[in-house]
Amino acid sequence: QPAKTQSSFLGIYGLVGKIMNVGLSSSIVMPIFDSTSYISARLQSSRYEGLVNGIGGAGDYIVMNYVKKTARSEISNGDMIITSGMKSVYPKGLNIGRVNSVYSGEYDSSLVIEITPVIDFSKLEYVFVITGNEHD
């Protein structure tokens, strides 16, 4: 099950991760910055799709891979990345983060987008669990 949270200060909902294990009084959540976390995602404004992957660490940033290199001119710092809902446990439209930087190697066919999560995991207090199996 996906887990999301809302920042009461900013009023922004954002994806936290996926529930991996459920207990009687608590659950274990794999956060989006975990290196084994993969999320089908898209840029909210330009609609280009890719795959978001955690890189481990404290969750300062995550990356989006496999975005067409031709999309570079349509991507700006601050653009919102959302879940695409494509064959995923995550419903479409959940905020993941904002574009921090875009780069690619000279001979790469796709971009790598560094993303700052919308959720500050160091200040996370409440998590809401999305249940159900609704896919569009």
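The values are calculated or read from the model by the stated rules, or taken from the named source; none is laboratory data. Quick caveat: nothing in here was measured; it's all calculated off a predicted structure. All Cβ positions, glycine included, derive from the backbone under ideal geometry; neighbour counts span all protein chains shown. Side chains included, ligands, DNA and RNA excluded: accessible areas come from the protein's heavy atoms. Shrake-Rupley method; radii C 1.70, N 1.55, O 1.52, S 1.80 Å.
Miscellaneous remarks
- Filter result (open to solvent by 30 Å² or more (accessible area, probe 1.4 Å) and modelled with pLDDT under 90) within the stretch 71-91: Met86, Lys87, Val89, Pro91
- Against the criterion of being touching a Pro at 6+ places or on another chain (Cβ under 6 Å) and in contact (Cβ under 8 Å) with a residue 60 or more places away in the chain, Gly85 does not qualify.
- Failed criterion for Gly105 (all others in (1) more than 16 Å from Met30 (Cα to Cα); (2) modelled with pLDDT under 90; (3) in contact with a Leu (Cβ under 8 Å, 6 or more places away or on another chain) hold): (3)
- Sole exception among (1) without any contact (Cβ under 8 Å) to a residue 12 or more places away in the chain; (2) over 17 Å from Lys18 (Cβ atoms); (3) in contact with a Ser or Thr (Cβ under 8 Å, 6 or more places away or on another chain) for Tyr103, by number: (3)
- Matching entry among Ile28, Ile96 (being open to solvent by 90 Å² or more (accessible area, probe 1.4 Å), of a type outside the set (Lys, Arg) and out of contact with any His (no Cβ under 7 Å at 6 or more places or on another chain)): Ile28
- Scanning the stretch 91-119 for residues that are over 13 Å from the mean Cα position of the chain (by Cα), in a loop (DSSP other than H, G, I, E, B) and not polar (S, T, N, Q) returns Gly105, Glu106, Tyr107, Asp108.
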